[in-house]
1. Relative to the longest principal Cα axis of the chain, at what angle does helix 5-40 sit, 0 to 90 degrees, rounded to 10?
2. If you roll a 1.4 angstrom probe over the protein chains with everything in place, what fraction of the accessible area of the chain belongs to carbon and sulfur, to the nearest %?
3. Provide the FRET efficiency to the nearest 0.05 for the Leu64-Val30 pair, computing r from the beta carbons and using R0 = 22 Å.
4. Could you provide, to the nearest whole Å², the per residue accessible area of the chain with probe 1.4 Å?
5. Given the options Gly25, Gly15, Gly38, state which has the largest fluctuation in a GNM of the chain using a 10 Å cut-off (strictly under) for Cα springs.
Amino acid sequence: TEVNPVARVVIDRFGLPGAIAFKFGLMIFVIVVCEIVGRRREATARRLIRLCIAVSALPVTWSLLLLLAHTYGR
């Protein structure tokens, strides 16, 4: 089940192709923002990139923890 309400609407309305386009669009947006910021303030861009990576890793980490908890009966 998708917990992101925006992604859920995209998936419900446009299916898997919409979800793929949505994810690619988000990635392109983040890359462009980091490029623009990086041209003006490199240190700020580096912090922004680290933040984006951490935020992207959160759902994966959470899902892994849920899977491990379910698998090992915690």
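1. The angle comes out at about 30 degrees.
2. 69 percent
3. Efficiency for this residue pair is about 0.50.
4. Counting only protein heavy atoms, the per-residue value for the chain is 90 Å².
5. Most flexible of the set in this elastic network: Gly15.
The values are calculated or read from the model by the stated rules, or taken from the named source; none is laboratory data. As the structure is a prediction and not an experimental result, all values here were calculated from the model. A quick note on method: Cβ atoms are made from the backbone with ideal geometry, for glycine too, and the neighbour counts reach across all protein chains shown. Just the protein is used for accessible areas: all its heavy atoms, side chains included, with ligands, DNA and RNA removed. Shrake-Rupley method; radii C 1.70, N 1.55, O 1.52, S 1.80 Å.
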